[in-house]
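Scroll down for the structure; my scribbles are underneath it.
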Amino acid sequence: MVARGTFHAPPILHIHGLLLFSWTLFYLAQTALAASGRTASHRTWGLFGISLFSLLVCSIIATKITILRLDDAHGMADASRRFSLVTFLALPLMIGLFGTAIANIRRPEVHKRLMYTLMACMKTPAIARVFLAMLAPAGADLSGPPPIFVAIPPAIVAFLMIVVSMVYDRRTLGRVHKVYIYGGAAFLLETFLVLPLASTEAWLNIARWLEHLTG
């Protein structure tokens, strides 16, 4: 849609996309610096990474609130509020993983695994879009919020990225690092909690409050 010039959305969605793409490139660059032994440069650029991640989190919140308002205007308010939990429940996990990674910058074996786990969790929306492109029926109306359960398969694929690292640890270290055990468990918990919580009146009230947070 973007390539064909048929994607029309509020500016915040474009800003969010740019920040997320920049974050992915930044992660790859930081990984390359660490792998080549340029630790000093890696840590120096890490300060920029903290700022970039903070902006990214703000853009996620602003984008989701914008989508809630747009869906409300098109008569899809409750469906959008239910699906928004996928994003808002993932945010605490993302922030927790990133904050813990920063707190462990002097423990590279812990730091790099926390950052990898974070990136695996963040890839769920991108994987979902691949699923959408490959599996959506021709001519299907994809303009509205999907049902909650469609968020599960992409999350499972993202979790398999962590499983691959668990296997690698097992083969190279003889054990699985606890970051992958606890981080993977938290990711699965967050993923499946969405199903029972999304339709509760408590969450719908919170979503309504978020929708009107900025007026």
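Each reported figure results from applying straightforward, stated rules to the coordinates on display, with no laboratory input. Nothing here was measured: the structure is a model prediction, and the numbers come from that model. Cβ placement follows ideal geometry from the backbone for every residue including glycine, while neighbour counts extend to all protein chains displayed.
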Relative pair counts by distance (%), Cα atoms of region 115-215, 10 Å bins: 13, 33, 32, 17, 5, 0
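Quote the FRET efficiency, to the nearest 0.05, computed for R171 versus F192 with a Förster distance R0 of 30 Å and r equal to the Cβ-Cβ distance.
Values: r = 28 Å, r/R0 = 0.95.
E(calc), rounded to 0.05, equals 0.60.
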Across 5 Å bins beginning at 0, the whole-percent shares of Cα-Cα pair distances in region 11-211 come to 1, 7, 14, 17, 19, 17, 11, 7, 4, 2, 0
To make sure I understand the rule: partners must be aspartates and glutamates, Cα under 14 Å from the Cα of K112, and not fewer than 8 residues away in the same chain. Which ones qualify? D169
Volume per residue of the C-alpha convex hull in region 1-110, rounded to whole Å³: 116 Å³
Using a 7 Å offset from the Cα along the Cα-to-Cβ direction at both L18 and L135, what is the distance between the two label points in nm, to one decimal? 3.3 nm
Once fully extended, how much extra length lies between L70 and T44, figured as 0.36 nm per residue of separation less the alpha-carbon to alpha-carbon distance? 5.4 nm
